[in-house]
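Structure first, commentary second.
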Amino acid sequence: MKVKGLRWWIITLICLATVINYIDRTAFGIMWPEMGKDLGMDEADYAIMLNIFMITYAAGKFLSGKLYDIIGTRLGFTVSIILWSVASIFHAFARGLFSLTLFRGLLGLGEAGNWPGAVKSNGEWFPVKQRAIAQGIFNAGASLGSVIAPVLIAFLYGAYGWRMTYIIIGAIGVLWVIPWLFINKSTPDKHPWITEEELKLIEASSNVNDSNVTKEKGLSVMNILKHRESWGVLVGSFFIEPIWWLFVGWMPLYLHSKYGFSIVEIGSTIWISYLGGMAGSIIGGWYCGKLIETKSVDAARKITIGIGCALILMGLLGIIFLVDGDSAMSFIYIVALVLFGFQFAIGNLQTLSSDLFKGPSVGTLAGLAGSVGAVSVIIMNWLIPKITTVSYTPAFIIIAVLAPLTIGSIMFLIKKIQPVA
């Protein structure tokens, strides 16, 4: 049996895994007002939970990147999603700070693997020209999950309560493994269902375009860091990640405290902002692919990332100077622009690992970049309760500054985006 466009089936499954990933993680922020009340915990405990998640998430990005380089994306994704789905189910049995801390930590450790795994898989399954759109489809899953999650979680919570909600969404993740193992049998060069035409297209610039590459041992972390370009990926990730996570982690609480939104009201409005992010994922990937038709990979990636960062900055300036205390919907619409810009840029930033290195090292750099980005989010989560006692404006100012720093670091540290090892 041969399947046309097999690579698109693979990225669709990864996109679906990302939807599940974001449903599982978003549930916490949406249901926290009631969870916290039931468990006798306050907003300070919520900040602790966010950072517990991010600490294990940071470690998980690096560890899973190495793991995927060793066992491959097929088994790597299986391990990751089973771990985070079981952790999600465990939330239903939380009884206080200790047990919830343990379960949030396991969730972060498992969910982290989704990102280096996707970067590595796209490097294997897609030619350079299509990697940005593949990454865009994958990242659209994050936004789509954030669009679906508020509505789905609000419905499940209303029907079954927060404990059963965690069991249901965890079970969905376990079921995903079945089609994944069935369709993703191996890498493209060994897959029995791939057509000759598709294999030739992939091999033209893929990270698994010959048997020698697949047998090569990946570079050590120290050898990867000897390249200036690697630092561009790491520093860019450090600056850009808190922009997304500020809204993912804190927007439900912001809407609850600032505008008095209930769980149902949060679920019925917050999806609008994430819809902007989903559009940015797809359009950013498509736009970069079109640029590569007439420009170099270096120019196309940098132009696209630069446009995304400019949109982020414009949106945050709008929030700081234009939104008043009574304009909840104006805030939500402008956040949609910010998240559009973020996803427009991040998909191309994440593809840099596969642009710069061969297959055996891609997961390691992607995982390390994810870990570095998670560290910056941990710092932001620690700062937010301290700088937002009166207003969230200081937090918005900080992440507005991070947007130009992102594109600046990439332009300075990566003189030209091309294979370096």
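What to note about this one:
- Subset of the stretch 4-35 (residues that are surrounded by fewer than 16 Cβ atoms within 10 Å (Cβ to Cβ) and touching an Asp or Glu at 6+ places or on another chain (Cβ under 9 Å)): LYS4, GLY5
- Those residues of the stretch 158-170 which are hydrophobic (A, V, I, L, M, F, W, C) and surrounded by fewer than 14 Cβ atoms within 10 Å (Cβ to Cβ), in sequence order: ALA159, MET164
- Flag if ALA92 is buried (at least 21 other Cβ atoms within 10 Å of the Cβ) and either within 14 Å of the chain's Cα centre (by Cα) or under 18 Å from ILE169 (Cβ atoms) (or both): no
- Hey, SER121 buried (at least 24 other Cβ atoms within 10 Å of the Cβ), under 30 Å from LEU39 (Cβ atoms), among the hydroxyl-bearing types (Ser, Thr, Tyr) and within 21 Å of the chain's Cα centre (by Cα) or not: no
- Residues located in the stretch 171-182, provided they are closer than 19 Å to GLU124 by Cβ and open to solvent by less than 30 Å² (accessible area, probe 1.4 Å): TRP180
Let's see how each residue does on (1) in contact with a Phe, Trp or Tyr (Cβ under 8 Å, 6 or more places away or on another chain); (2) at pLDDT 80 or above:
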residue: HIS191; (1), (2): no, yes
residue: GLU196; (1), (2): no, yes
residue: GLU203; (1), (2): no, yes
residue: ASP210; (1), (2): no, no
residue: ARG228; (1), (2): no, yes
residue: GLY232; (1), (2): yes, yes
residue: PHE238; (1), (2): no, yes
residue: SER257; (1), (2): no, no
residue: TYR274; (1), (2): no, yes
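- The stretch 97-142, residues that are among the aromatic types (Phe, Trp, Tyr) and under 27 Å from ILE272 (Cα atoms): TRP115, PHE138
- Check on ALA421, in contact with a Phe, Trp or Tyr (Cβ under 6 Å, 6 or more places away or on another chain) and either free of Cβ contacts under 8 Å to residues at least 40 places away in the same chain or open to solvent by 40 Å² or more (accessible area, probe 1.4 Å) (or both): yes
- Residues of the stretch 389-403 that turn out to be over 25 Å from the mean Cα position of the chain (by Cα) and surrounded by 15 or more Cβ atoms within 10 Å (Cβ to Cβ), as a count: 0
- The stretch 310-421 holds helices (runs of 4 or more DSSP H) entirely within its bounds, and those carrying 1 or more residues that are charged (D, E, K, R) map to 328-356, 359-387.
- The stretch 2-17 residues that are in a helix (DSSP H, G or I), paired with ones that are aliphatic (A, V, I, L, M) and surrounded by fewer than 16 Cβ atoms within 10 Å (Cβ to Cβ) (beta carbon under 7 Å, 6 or more apart): TRP9/VAL3
- Scope the stretch 230-241; condition open to solvent by 10 Å² or more (accessible area, probe 1.4 Å) and closer than 12 Å to MET411 by Cβ; matching residues: VAL235
- Residues in the stretch 149-158 that are touching a helix residue (DSSP H, G or I) at 6+ places or on another chain (Cβ under 6 Å) and touching a residue at least 60 places away in the same chain (Cβ under 8 Å): ALA149, PRO150, VAL151, ILE153, ALA154, TYR157.
- Test result for GLY110, of a type outside the set (S, T, N, Q), in contact with a helix residue (DSSP H, G or I) (Cβ under 9 Å, 6 or more places away or on another chain) and open to solvent by less than 10 Å² (accessible area, probe 1.4 Å): yes
- Residue match in the stretch 264-273 (condition: without any contact (Cβ under 8 Å) to a residue 60 or more places away in the chain, on the phi > 0 side of the Ramachandran plot, open to solvent by 10 Å² or more (accessible area, probe 1.4 Å) and not β-branched (Val, Ile, Thr)): no
- Checking SER409, SER361, SER376 one by one, the residue that is polar (S, T, N, Q) and either crowded, with 22+ Cβ neighbours inside 10 Å or at pLDDT below 90 (or both) is SER361 and no other.
- Restricted to the stretch 36-55, and to residues there that are small (Gly, Ala, Ser) and modelled with pLDDT under 85, the residue that is least open to solvent (accessible area, probe 1.4 Å) is ALA47.
- A single member of LEU316, LEU322 is open to solvent by less than 20 Å² (accessible area, probe 1.4 Å) and farther than 23 Å from PRO116 by Cβ, and it is LEU316.
- THR56 within 20 Å of GLY367 (Cβ to Cβ), in contact (Cβ under 8 Å) with a residue 12 or more places away in the chain, assigned to a helix (DSSP H, G or I) and not aromatic (Phe, Trp, Tyr): yes
The values are calculated or read from the model by the stated rules, or taken from the named source; none is laboratory data. Values in this document were obtained by computation on a predicted structure and should not be read as measured data. Cβ coordinates were reconstructed from backbone atoms using ideal geometry, including for glycine residues, and neighbour counts include every protein chain displayed. These accessible areas exclude ligands, DNA and RNA; they are computed on the full protein's heavy atoms, side chains included. Shrake-Rupley method; radii C 1.70, N 1.55, O 1.52, S 1.80 Å.
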